[in-house]
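So the structure is just underneath, and the comments pick up after that.
The values are calculated or read from the model by the stated rules, or taken from the named source; none is laboratory data. Predicted model, so just to flag it, every value in this text is computed and none were measured. Neighbour counts are summed over all protein chains in view; Cβ atoms, including those assigned to glycine, are modelled from backbone coordinates with ideal geometry. Calculation scope for accessible area: heavy atoms of the full protein, side chains included, ligands and nucleic acids excluded. Shrake-Rupley method; radii C 1.70, N 1.55, O 1.52, S 1.80 Å.
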Amino acid sequence: MEIFTLMAEHNHEQVVCCYEPSCGYKGIIAIHDTTLGPALGGTRFWNYDSDADAMIDALRLSRGMTYKAAVAGLNLGGGKSVIIGDPRTTRREMIFRAHGRFVESLGGRYITAEDVGTSVTDMDYVSMETSYVSGLAGKSGDPSPVTAFGTYQGIKAAAQVKYGSDELRGKTVSVQGLGHVGYYLCAHLAAEGAKLIVTDIDEERVRQVVGDFDAEAVSPDAIYSVAADIYAPSALGATIDDETIPQLRVDIVAGAANNQLREARHGDELHRRGILYAPDYVINAGGLINVYGEVKGWTPDQSMRKAGEIYSTLLQLFELSREEGIPTYQAADRIAEQRIEAVGRVQRNWI
């Protein structure tokens, strides 16, 4: 694995590899771009197959955070950190305090928060060692409700473009992943009268959603081929690939997962097939908005209102895609890059 080659691929500014043997902590902090502000991104705790997989995940996720903040209109750069290990461990305090020490060593260039495999309690441990952490208990807390609400608004925007109405009553939505975000997303969809087809590797989560929202459950492998109007990938990323795209029987792909396209060309293939794709880092920006709101001292209502703007952002993005004849993921990248470039020019002025 050529680390500097990987960093150069998307112009990452900094990658820090961290190790604390006393508690078995192994972490990677990736900072992609700080043109717009300090790099903000959650800490993911996952049992990666290899150190290389962890590195690639951190790099991809941190780049996504840069673009997510830019499109959402936030004054933040993009970063992400991963901790390599079993996220089910109960011995968490020292692991996350060690992580906090390394976050502190960056002097504010990176601000962390909750992500897959971590919790508000874990962030409380991090905060014992650094102030560069958000999503704490008693403050903005769990970002999942805001992420889910923004995703729900993004699904409605996609429906408006595809069907001429954002009404979801009677539409069938297949949801992959029923964690915190997936559960809240199902609640919004069910409240509007959508029919839900759901799956998760955790059978207890499936039973809860089936019971709470009268959803239909299918196996994890079957979710791609079910007949639905909308597919909402809300688990881990890279589920849109050469194997799954031919199985899709939907009009729209719009969900909360990060890095849904295994490769950029899979966005081209969705475009070719006429499947409307809501770019992941645009539709799932609610979590970032939530923690940014904490940094800025917003009320919960302010964060929810900002997440609601994902609806209009996606409408503009879809219009750009239509006008230029380009896939939606390219339209999203163009909007993000234009804002980063414009802010960068302003900041070159000497004051």
Open item on the list: Just want the answer: with Cβ charges of +1 for Lys and Arg and -1 for Asp and Glu, which residue in Cys23, Ala54, His12 is farthest toward the dipole's positive end in segment 1-62?
Closed with: Cys23
- [ ] Compare Asp49, Asp251, Asp214 in a GNM of the chain, Cα atoms joined below 10 Å, and give the one with the largest fluctuation.
- [x] Asp49
Open item on the list: Please enumerate, by chain and number, the lysines with C-alpha under 21 Å from the C-alpha of Lys26, excluding those fewer than 8 residues away in the same chain.
Closed with: Lys80
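Nearest 5 percent is fine: what portion of the DSSP beta bridges confined to the chain is antiparallel?
Numbers: 13 of 40 bridges.
Antiparallel: roughly 30 percent of the beta bridges in the chain.
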Task: For segment 18-35, 3J(HN,Hα) per residue [Karplus equation, 6.51 cos²θ - 1.76 cosθ + 1.60, θ = phi - 60°, Hz, x = Gly/Pro] - done: 10, 8, 9, x, 4, 10, x, 6, 10, x, 10, 10, 10, 10, 8, 8, 10, 4
- [ ] Post the alpha-carbon centroid distance, segment 78-151 to segment 258-292, in whole angstrom.
- [x] 24 Å
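Mind ordering 255-263, 147-155 by average Cβ neighbours within 10 Å, highest first? Show your work: numbers first, answer last.
Details: 255-263: 23.0, 147-155: 28.0.
The densest-packed peptide leads the list: 147-155, 255-263.
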Open item on the list: Students often get this wrong, so check it: of Lys162/Lys306; Lys156/Lys195; Lys171/Lys195; Lys68/Lys306, which have C-alpha atoms separated by over 18 Å?
Closed with: Lys162/Lys306
TODO: Might you work out the accessible area of Trp298 for me, using a 1.4 Å probe with all protein chains in place, and round it to the nearest 10 Å²?
DONE: 80 Å²
Task: Largest to smallest accessible area among Tyr329, Tyr183 [probe 1.4 Å] - done: Tyr183, Tyr329
Open item on the list: Could you tell me how far the Cα centroid of segment 157-199 sits from the Cα centroid of segment 1-59, in Å?
Closed with: 33 Å
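Rounded to the nearest 20 debye, what is the charge dipole size of segment 147-245 about its Cα centre when +1 sits on each Lys and Arg Cβ and -1 on each Asp and Glu Cβ?
On the way: 7 positive and 15 negative charges, 84 e Å.
For this selection, approximately 400 debye.
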Task: GNM top mover of Thr244, Thr66, Thr43 - the chain, alpha-carbon springs below 10 Å - done: Thr244
Open item on the list: Could you tell me the extents of segment 1-60's C-alpha atoms along the three principal axes, largest first, rounded to whole Å?
Closed with: 35, 25, 16
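Based on the alpha-carbon gyration tensor of segment 248-351 and its eigenvalue square roots a ≥ b ≥ c, which shape applies: rounded if a/c is under 1.5, prolate if not and a/b is larger than b/c, or oblate? Provide the component values of the computation, followed by the final result.
Values: a/c = 2.31, a/b = 1.38, b/c = 1.67.
Because a/c hits 1.5 or more and a/b fails to exceed b/c, segment 248-351 counts as oblate.
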Task: segment 1-143: C-alpha gyration tensor shape, a/c 1.5 cut-off, then a/b vs b/c - done: oblate
Open item on the list: Please report the accessible area of Lys26 (heavy atoms, 1.4 Å probe, ligands and nucleic acids excluded) in Å², nearest 10.
Closed with: 90 Å²
- [ ] Rounded to the nearest 500, what is the 222 nm mean residue ellipticity of the chain from helices alone, with -39500 (n - 2.57) per DSSP H run of 4+ residues and division by all residues?
- [x] -14500 deg cm²/dmol
Open item on the list: Connecting C-alpha atoms closer than 10 Å in a GNM of the chain, tell me which of Gly177, Gly117, Gly41 has the biggest fluctuation.
Closed with: Gly117
Open item on the list: So for the chain, averaging the separation of alpha carbon pairs under 8 Å that are six or more residues apart and normalising by length, what relative contact order in percent results?
Closed with: 16 percent
Task: Net length gained if the chain between Ser165 and Ile3 were fully extended (0.36 nm per residue, minus Cα distance) - done: 53.6 nm
